[in-house]
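In what follows, a single structure is set out as structure tokens and then discussed.
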């Protein structure tokens with residue numbers, strides 16, 4: 001069992017209003033998540049087949065961001081088919097809970113590398 005899990009980088013989606021007069025009106029949830037994944041891959045010249053899981057915190061997984069947006073974003077970003085994705089909803093603590101889950105998986109030895117997106 002590993003005693004620690006490390007965070008090497010953090011990328012966050014832009015924040016703003018998704019309403020008709022908001023700055024993110026035309027940005028779909030899948031586009032936002034895909035942009036995160038592609039940026040992470042480019043920044044680190046990441047071989048995505050080495051990633052075990054993408055853990056995504058999503059406050060309200062309904063409508064366009066319903067289902068398993070983490071897995072859909074993995075596919076949409078062109079990552080390796082072997083990369084899993086899980087979406088967590090804990091309202092305002094979704095990002096924090098996704099970090100906790102991913103760290104626990106690494107520390108227990110269940111997984112070696114993951115990406116937590118918020």
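Just so you know, all these numbers are worked out from the coordinates, no wet-lab data involved. What you see is a predicted model; the values in this text were computed from it and never measured. Ideal geometry is used to build each Cβ from the backbone, glycine not excepted, and the neighbour counts take in all protein chains shown.
Tabulated values for the structure
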read-out	value
Global size of segment 40-97 as Cα Rg and Dmax, reported in angstrom	12.0, 33
GNM result for the chain, Cα springs below 10 Å: residue of 87, 13, 48 fluctuating most strongly	13
Helix 94-108 axis, angle to the chain major axis (alpha carbon atoms, nearest 10°)	20 degrees
Among 23, 82, 98: highest mean-square fluctuation, GNM of the chain, C-alpha pairs under 10 Å	23
Antiparallel DSSP beta bridges within segment 29-117, percent to nearest 5	0 percent
Model label zone, residue 35; criterion: amide N under 17 Å from point 7 Å along Cα-to-beta-carbon; scope segment 71-110	73-74, 76-78
Tilt relative to the chain, helix 29-44 - C-alpha long axis, 0 to 90 degrees, to 10	40 degrees
Residue order, fewest to most surrounding Cβ atoms within 10 angstrom, among 62, 51	62, 51
Residue-averaged 222 nm ellipticity for the chain, from DSSP H runs of 4+ at -39500 (n - 2.57), nearest 500	-10500 deg cm²/dmol
Whole-number percent relative contact order across the chain, with pairs defined as alpha carbons under 8 Å at least 6 apart	33 percent
Cα point-scatterer Debye curve for the chain, base-10 log of I(q)/I(0) at q = 0.16 Å⁻¹	-0.73
